[in-house]
Amino acid sequence: MNLLYDPVFTVDTSDGREACSLPRIYALLDADAVEGFSRLQAHQKQAWHCFLAQLGAIATEDRPLPDSEDEWRDALSALTTESAWNLHTADLQKPAFMQPPVPEDTLDDFDPIHVTEYDVPTLSKNHALKTRRMHDPTDEHWVYMLVNVQTTGFYAGSGNRRTSRMNGSYASRPFFGLTPSLRLGPWIMHDIDVLRTHIDKIEQRYDFQREVTPLLWTDPWDGTDSVDLEELHPLYIDCPRRIRQGETWMKTSTSAERVTGDVNGQTGDPWAPVDEKENKVLNPSRNAFEYRQLSDILFGDRYRHPISFEEKTKGYVVCRAVTGEQGGRVHNLQRVIKFSNRRRGWDTVEQEAETRVKKAETAAEILSHALYLMLKDDRDDGEREQVPDRLQEGRNRQISAFHERVDACFFQHLLDAPNISEHHRQAFWETFLVGGLRTQFEDAKQLCPAKNRWHRQARAQSAFDNRTKSEFTYAKQFTSDHEHKDRERHRAVQPDGKFMGNV
């Protein structure tokens, strides 16, 4: 089975489902005819997107963009030998797709693998995905698994090495992409064009020398030697694990990393923000997809945007990552936010984002203090008053729930800041915060202990009201509780940039 000629992939197109070769996929993407990849799993979308964009840019770096399937086939064929596009190559001295040549010319030390158990994340428990959910995997399933493991895989023990494009063995590869459209064709072709245009910037920043092929799966590897990052192509496609199809699919451990020399994951990854304060690539977690850190990544001065943000584009920011936790729990994170870096008055947008975060943190402090006053132990023995452990968890949940309210609407009208007066911006955001605070505080009253209930609630309510009116002078606060609850009940807020969590 050869990816350049055989219909390995099942693609949903505007004309129906079609079995496609790899060059045919590029032709369909260019024609904006791709609706989706039928057998591509949600946690594999990030790796497949990166692979298609990097490979397309590498193949067309020194030639015009192809106009047809045949031209795409010619461009891909020129990169390496035909065997490198085979899923199975009997001669172990030659490469197969995402399978480096085996210098020892034997698979005696290789062990069998299953397409789902060896995928990213490596699953030892049936938490997010069932480990044996695929009883009859096709060649297409193996292609997606190979791309996923070799380009986004994190360290999985037993010599299963991680990709070099992340900050540390137990980190994850971040994906923050700016696109004019969420349709796969315009999005991937846009990324190919951006990478082709700005490849020299990546090369200069990281001193790439291009002495080694950009397709690392085509180079022989015995698992003991490494290649220095500076010898690589700026858009190199990583291949950190030794996998090979013999009588069955197999893998073996390696004693060395495939690529060395990266500084905290800084490899010029086109979709990876760099924390310039700590001089390292972002290691994405759930916090990176929530409004406080995400605002810092997009609008602050701490993070350097990746090359995918280089072109002035009106559209969306797509944030993705597959993250792992101790014990086998995984999170497939995704967030989509309307975005534009074309706008005038960008300084105003940055200032407004910072202001919103600070005011939201102030609001959370008000709620936290009010809950403390309502839940604390009232002691007569002079000891320090504290919230009992049995109530502290509930208090933390209420504060987290308030941040989720803020998160759902944080990016609403944010990009319109240059066109809105400061007074109206302040009134909009403070009124929203006060409304959210009141609703959350009312919900939290169910936690109040029965002992001295009315005294506790009155004490907390007084502090809550006084601090709220003092901090949020622009807010329309002076409505009755009945009017406020009615407004909350009927207001239809359309959140912009909703955090989708595990998708």
Checked segment 89-123 for anything touching a helix residue (DSSP H, G or I) at 6+ places or on another chain (Cβ under 9 Å), at pLDDT 95 or above and open to solvent by 40 Å² or more (accessible area, probe 1.4 Å); matches are D91, K94
How many residues of segment 227-257 are in a loop (DSSP other than H, G, I, E, B), of a type outside the set (S, T, N, Q) and closer than 29 Å to Y206 by Cα? The answer is 11
When A84 is run through (1) among the aliphatic types (A, V, I, L, M); (2) at pLDDT 95 or above; (3) closer than 29 Å to I192 by Cβ; (4) in a loop (DSSP other than H, G, I, E, B), the failure sits at (4)
Turns out the strands (runs of 3 or more DSSP E) fully within segment 1-63 with at least 3 residues that are touching a residue at least 40 places away in the same chain (Cβ under 8 Å) and touching a strand residue (DSSP E or B) at 6+ places or on another chain (Cβ under 8 Å) are 34-37
Exactly one of Q440, Q461, Q412, Q426 is in a loop (DSSP other than H, G, I, E, B), of a type in the set (S, T, N, Q) and either open to solvent by less than 60 Å² (accessible area, probe 1.4 Å) or within 30 Å of G345 (Cβ to Cβ) (or both), and that one is Q412
Filter segment 204-228 for residues that are modelled with pLDDT under 95 and within 24 Å of the chain's Cα centre (by Cα); the one that is surrounded by the fewest Cβ atoms within 10 Å (Cβ to Cβ) is R205
Does E311 qualify as being closer than 27 Å to E203 by Cβ, free of Cβ contacts under 8 Å to residues at least 24 places away in the same chain and charged (D, E, K, R)? no
If we ask which residues in segment 222-278 are of a type in the set (A, V, I, L, M), closer than 17 Å to P174 by Cα and without any contact (Cβ under 8 Å) to a residue 40 or more places away in the chain, their number turns out to be 2
Of the residues in segment 287-326 that are open to solvent by 20 Å² or more (accessible area, probe 1.4 Å), in a strand (DSSP E or B) and touching a His at 6+ places or on another chain (Cβ under 9 Å), the one that is farthest from H43 (Cα to Cα) is G324
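The values are calculated or read from the model by the stated rules, or taken from the named source; none is laboratory data. Computed from a predicted structure; not experimentally measured. So basically every Cβ, Gly included, is an ideal-geometry build from the backbone, and we count neighbours across all protein chains shown. Note: areas computed on protein heavy atoms with side chains; ligands, DNA, RNA excluded. Shrake-Rupley method; radii C 1.70, N 1.55, O 1.52, S 1.80 Å.
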